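Structure, as structure tokens:
What follows draws every value from the coordinates through simple rules; no lab data is involved. Not measured: the values here are computed from a predicted model. Here Cβ is always computed from backbone atoms with ideal geometry, including for glycine, and neighbour counts include all displayed protein chains.
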Amino acid sequence: DGGITQSPKYLFRKEGQNVTLSCEQNLNHDAMYWYRQDPGQGLRLIYYSQIVNDFQKGDIAEGYSVSREKKESFPLTVTSAQKNPTAFYLCASSIGGQGLNIQYFGAGTRLSVL
Amino acid sequence: KNQVEQSPQSLIILEGKNCTLQCNYTVSPFSNLRWYKQDTGRGPVSLTIMTFSENTKSNRRYTATLDADTKQSSLHITASQLSDSASYICVVSLGGGNKLTFGTGTQLKVEL
């Protein structure tokens, strides 16, 4: 998985609960990303960060929040405001911006609602 | 609207046979095109990345082609193996920025 570790592999959320997905990389990459993958759809960008202490919303940021306090870490919180959180979540990183550089993905976290 | 369409949606072939997967895109302006392999329940892994000026790029048994005029790409897999069973995703990068558009993938199954 290219030095990117996502945990947990499976996660269950109760109604009204916030949950946090972990993503750690040891590739010394500046940029990190969170995607959501649903059956029959292409990956959709939730948030991305090009540098520590800075991040931008992607196409479907509503109901999610992130932080980038360390270069190696980019956790994603799925808040209770996200009404349809069941999906496969993928974290990725790249040396620079995603437009020019290959992204390396983690193994993913599958989130389900109880 | 920037889109990436892949065909076929799914494909079953016998081990040792060749196959070709198609990708058509309407992304403009174009920067580069990538092919990723995604095993079930895993993250995608990069196979190739091609810029506007590249027509063909190979990676072991995988050969990708790009026709930027017709906005089409193909991924040819030679002498398929059981381990080639996966989803193959075409991704197009929008020129001038950081925007990637992902296709929905072709699900390939290689059988004995």
Failed condition for B:S80, given (1) in contact (Cβ under 8 Å) with a residue 40 or more places away in the chain; (2) away from chain A (no Cβ under 14 Å); (3) of a type in the set (S, T, Y); (4) in a strand (DSSP E or B): (4)
Segment A:60-103, subset acidic (D, E) and loosely packed, with under 14 Cβ neighbours inside 10 Å, residue farthest from A:L27 (Cα to Cα): A:E62
Inter-residue pairs, beta-carbon under 8 Å, first touching a residue at least 12 places away in the same chain (Cβ under 8 Å) and closer than 15 Å to B:N32 by Cα and in segment A:92-107, second crowded, with 17+ Cβ neighbours inside 10 Å and of a type in the set (F, W, Y), 6+ apart: A:Q98/A:Y33; A:Q98/A:Y48; A:Q103/A:Y33
Count of segment A:63-75 residues which are over 14 Å from A:T5 (Cβ atoms) and touching a Ser or Thr at 6+ places or on another chain (Cβ under 9 Å): 6
Qualifying position, being within 21 Å of B:K99 (Cβ to Cβ) and β-branched (V, I, T), among A:V19, A:V66, A:V78: A:V66
Some residue of segment B:57-67 being among the acidic types (D, E) and loosely packed, with under 15 Cβ neighbours inside 10 Å: yes
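For (1) out of contact with any Ser or Thr (no Cβ under 9 Å at 6 or more places or on another chain); (2) closer than 25 Å to A:A87 by Cα; (3) in a helix (DSSP H, G or I); (4) touching a residue at least 24 places away in the same chain (Cβ under 8 Å), each residue gets a yes or a no:
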position: B:C23; (1), (2), (3), (4): no, yes, no, yes
position: B:G41; (1), (2), (3), (4): yes, yes, no, no
position: B:L47; (1), (2), (3), (4): yes, yes, no, yes
position: B:S53; (1), (2), (3), (4): yes, no, no, no
position: B:H76; (1), (2), (3), (4): no, no, no, yes
Scope segment A:1-52; condition part of a loop (DSSP other than H, G, I, E, B) and away from every other protein chain (no Cβ under 13 Å); matching residues: A:P8, A:K14, A:E15, A:G16, A:Q17, A:N18, A:N26, A:L27, A:N28, A:H29, A:V52
Given (1) more than 9 Å from chain B (Cβ to nearest Cβ); (2) charged (D, E, K, R); (3) touching a residue at least 24 places away in the same chain (Cβ under 8 Å), index of the condition A:K83 fails: (3)
